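Okay, so here's the structure we're looking at.
A short reminder: the numbers here are calculations on the coordinates, not readings from a lab. This one's a predicted model, so the numbers in the text were calculated from it and none came from an experiment. We place every Cβ from the backbone using ideal geometry, glycine too, and count neighbours over all the protein chains shown.
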Amino acid sequence: MQIRVPATHGAVRSWSRTAASHIRGSAVDPRPTWLVQADTALTPSLLAVGAIGSPLLSRVAAKALRRRPTQLRASGTRVRDVVPHGGPTVVISGASQGTGRALALKFAQDGYNVVLAARGAEALREAEDCCQAVLKPGRLVLPVPCDITSPDSIQLLLDTVAARFTDVRVVVCNAGVCMTGDFLNTSPEDFQSQLNVNFLGHVTTVRAFLPELLRQKGRSGPVPTICFVNSFGARVPLPDMTAYCAAKYALQGFADSLRLELAARGVHVATVHPGVIRSDFRTRAQWRGTAAGNRKSAMDTLLDGQSPVSSLVTQSVEEVAEAAYDAVKTQQSEVVVGLPFRTMLTAYGVGKALGLA
Ligand SMILES: NC(=O)c1ccc[n+]([C@@H]2O[C@H](COP(=O)([O-])OP(=O)(O)OC[C@H]3O[C@@H](n4cnc5c(N)ncnc54)[C@H](OP(=O)(O)O)[C@@H]3O)[C@@H](O)[C@H]2O)c1
């Protein structure tokens with residue numbers, strides 16, 4: 001069987017758009033077209049084997065179907081007509097808008113191939129167009145529909161990237177969803193969903209891509225780097241944000257520990273903590289409890305510039321992207337974005353040391 005993966009830039013665009021269309025339709029299938037085509041070709045024969053054979057054969061067939069993406073990639077002989085693309089490559093989760101998109105633009109301007117991962121196909125397409133406009137000659141931008149709360153989805157992202165690019169240098173774990181609510185109105189399911197997207201999704205992403213980064217050790221070019229766009233709420237406790245802060249603190253512990261472990265293996269780990277970003281995060285933020293309306297309107301007042309402190313404490317996506325980009329380029333370990341937030345962090349640290357916080 002021959003699987004054709006488009007090799008040219010233009011073809012990649014149509015490939016990605018077709019793949020994204022699976023998400024828009026009722027049957028959600030975020031896989032790239034070549035994989036869907038492979039599935040269409042292989043599924044009947046594998047299922048037929050299962051149908052005429054024993055239940056054992058059915059299980060074998062089902063297992064083969066589940067494992068096929070990895071096997072296709074690993075076999076090397078089955079994925080034909082793929083021309084892997086050279087040049088430093090950055091993979092960014094949550095790259096369809098906000099900070100992730102602004103960061104994708106910076107890497108595109110710097111001569112990277114850029115892989116954009118997020119769930120929404122429409123916003124991904126817009127981000128792709130923005131990156132195309134600033135991309136350096138010979139570089140690619142590749143939008144890949146991906147939900148980081150699904151390990152299968154991350155595996156498909158990895159398979160897609162590994163088939164297309166030879167030199168993954170930077171992985172930015174940026175996707176995130178905000179949740180606000182008093183503790184008693186924040187359910188165990190809320191905690192689980194916050195952990196899934198703001199913590200475990202990044203752990204799974206790193207587990208998938210770390211071997212790609214480790215492979216670059218010793219090669220010329222940018223230092224292989226994992227960058228976490230975390231939060232001020234990972235360093236300082238915030239009221240009515242127990243689930244969000246718990247997940248972000250967990251991510252901080254993971255990042256700090258991972259940095260120690262990977263230092264000797266040639267992979268840098270950077271963490272960036274934004275304060276309050278003037279992004280569209282409100283559209284997917286989750287509000288809990290009876291005071292949710294008040295908190296939401298207070299946030300609106302702040303973000304829409306109607307509060308006296310708006311300009312002081314809110315940050316543009318470009319400002320946060322700049323900080324993350326610098327952290328990667330200059331191998332900084334941890335950056336808190338904005339003087340007010342650095343000051344609050346210091347005050348909190350002093351207060352804690354004195355037993356006051
Ligand atoms: N906004 C703030 O005030 C603030 C403050 C501190 C820290 N942060 C953190 O900074 C990061 C960026 O924030 P932002 O305000 O720029 O975010 P944003 O504008 O809300 O964008 C979030 C991005 O993440 C994607 N995303 C969400 N859930 C996802 C999932 N399960 N799988 C894949 N992609 C997913 C979104 O696309 P889809 O929904 O289409 O998937 C979107 O591209 C986040 O980690 C956030 O927690 C934000």
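When the Karplus curve 6.51 cos²θ - 1.76 cosθ + 1.60 is applied with θ = phi - 60°, which whole-Hz ³J(HN,Hα) does each residue of segment 267-274 get, with x for Gly and Pro?
Each residue's phi maps through the Karplus curve to give 10, 8, 10, 10, 10, 10, 10, x Hz.
Taking 10 °C and 1.306 mPa s as the conditions, I'd like the Stokes-Einstein D for segment 214-357 in µm²/s, using the Kirkwood hydrodynamic radius from alpha carbon pairs.
Diffusion coefficient, whole number: 94 µm²/s.
Going down the list Lys136/Lys248; Lys329/Lys352; Lys136/Lys217; Lys106/Lys352; Lys248/Lys329, which pairs span over 31 Å between their C-alpha atoms?
Correct reply: Lys136/Lys248; Lys329/Lys352; Lys106/Lys352.
By average Cβ neighbour count within 10 Å, what is the ranking of 164-177, 274-287, 199-212 from highest down?
Order by mean packing, descending: 164-177, 199-212, 274-287.
Please list, ordered by chain and number, the residues whose modelled amide H lies under 5 Å from the amide H of Val335; skip anything fewer than 5 residues away on the same chain.
Thr271, Val272, His273
Per residue of segment 155-167, in order, report the coupling 6.51 cos²θ - 1.76 cosθ + 1.60 (Karplus, θ = phi - 60°) as ³J(HN,Hα) in whole Hz, putting x for Gly and Pro.
4, 5, 4, 4, 4, 5, 5, 5, 6, 9, 10, 9, 9
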